[in-house]
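Inspection log for the structure reproduced underneath, given as structure tokens.
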Amino acid sequence: MTRRTLCPPAPAPLEAYVRQFDALFASVAQRRAFREYLHGLLLPRERNKTLTGLAGTEPDLGAQAPPAQRLQWFLSESAWDAEAINARRLELLCADAATRPREAGVLIIDETGDRKDGQKTAHVAHQYLGSVGKIANGIVAVSGVWADADVYYPLDVQPYTPACRLPQGKGDPAFRTKPQIAVALVDAALEAGLTFRAVVADCLYGEHAEFVGALWEAELPFVLALRATRGRWAPVEAAHTPEDAARAVPWAGPPRPGGWVPVVRRFRDGHRETWWAAELTLAGEGPDQPTRLIVATTDPAALPAASTWYLTTNLPRPGSPRAAASPLPAADLPEVVRLYGLRMWVEQSYKQVKQELGWADWQVRTDRAIRRHWQLVNCASAFCWWAWGRAPTAPSPVADAEDTQPAAAGRGENVGGRGAARRSAERPLGGGAAPGAGVAAPLDHALALVARLVERAPTAAVTSAA
């Protein structure tokens, strides 16, 4: 057997990670480009992470230079399997004690959009982009994400192709709605053996009958959002929207909360917020029905739009007649609020992936090159968690604040090394690595990114109302 040719190594911390992918690349050129691409993504953002930016060449004439051309070939033409790379990445995450999925975590389904000019690039069209909050020219991707109170990482990502880009429009066999893509992502997560407490998503998916029906058919637990004004058929005198039902719940202030239950949400920066949650009854949904309708808000009197959630879930209420017969574990109001609160992690993480790792900086046109870039960004993000899990531990200022609260059964941070030995958000900035060329960029910057994620993470679990 021919001995495999060694390629120039990446800086030491990164090299130990990327070496685990070498078997998936057939040539030394591919292995070298993989290292260079991830190294470029992990460097501090001084310019957009286009191919010339990753290669460190001049933006215009430098595009013809060999370093940029090597990365261009690697991304667009070279024969390697992005799906195999993604599968290997997930295998490493699931095998690592610091990042493996825990029962208290959730599978988040979400989509994100980014501006892109022109019409020649695959999947780009005039459509709603969540990153800018309006309809604009750009590309949208649907992603599956696993998260708990400690870590977050993408499972897979698929581009959404608008009907206007297909020959037969919505009648084209290749057309798939975002919820249909989401169902495929859930199926892929199950095939990969991922464990999670519930599927969590916003109202785009919570109000889509096909998506919700697929979760029911698979007997998967879910906590999905609804719009406050989503109307239902009901008698004239009854409530017609989730907001109407919430306003019907008695409330006379914190001393006399009526039908509201206080829920304390704790955040990684140490602060706490008291929210209020209540079971609602509306058009066949209720505390003891197959589907529960729940409202969570900071102010039951005003129900502010920015801090009020209307949630639908098939998790039974503890002590209800349905709880004994349901294959799904029961969840009280604080648990339902905790689960949906984990969805906020993905919004915070988008900021890090897009602002630091160059998610939308690609300047390629083909579907294959776009998908490959996204998977390489996911690998760079996974390296951040990999490096964080191997950094020297230090007492966490957040863990100290949480030690006074009882931990929920099965909490991930108290199992397998997570929790008491949680990495301090301040520790990685010092690095602790010996000085040397190339060490600071891929290691310390990656750890700093993760520290910023962890300190802004969603709430930890609570066992009961305050």
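Give the residue that is surrounded by the fewest Cβ atoms within 10 Å (Cβ to Cβ), with candidates limited to residues of segment 323-348 that are closer than 18 Å to Ser143 by Cα and touching a Leu at 6+ places or on another chain (Cβ under 7 Å).
Gln348
Identify all residues within segment 90-139 that are surrounded by fewer than 17 Cβ atoms within 10 Å (Cβ to Cβ) and on the phi > 0 side of the Ramachandran plot; write none if there are none.
Gly118, Gly133
Take the residues of segment 204-230 that are in contact (Cβ under 8 Å) with a residue 60 or more places away in the chain and out of contact with any helix residue (DSSP H, G or I) (no Cβ under 9 Å at 6 or more places or on another chain): which is nearest to Thr297 (Cα to Cα)?
Trp216
Does Thr291 count as of a type in the set (Val, Ile, Thr) and open to solvent by less than 50 Å² (accessible area, probe 1.4 Å)?
In short, yes.
Pairs only if they're at least six apart or on different chains, beta carbon under 9 angstrom, first in segment 261-275 and within 15 Å of Met344 (Cα to Cα) and in contact (Cβ under 8 Å) with a residue 60 or more places away in the chain, second assigned to a strand (DSSP E or B) and open to solvent by 40 Å² or more (accessible area, probe 1.4 Å); list them, first residue then second.
Note: pairs meeting the criteria are Arg265/Arg272; Arg265/Glu273; Arg265/Thr274; Arg266/Arg272; Arg266/Glu273; Phe267/Glu273.
The values are calculated or read from the model by the stated rules, or taken from the named source; none is laboratory data. The structure presented is a predicted model; accordingly, all values stated were derived computationally and were not measured. Positions of Cβ are backbone-derived with ideal geometry, glycine not excepted, and every protein chain shown enters the neighbour counts. Surface areas here come from the heavy atoms of the whole protein model, side chains and all, with no ligands, DNA or RNA. Shrake-Rupley method; radii C 1.70, N 1.55, O 1.52, S 1.80 Å.
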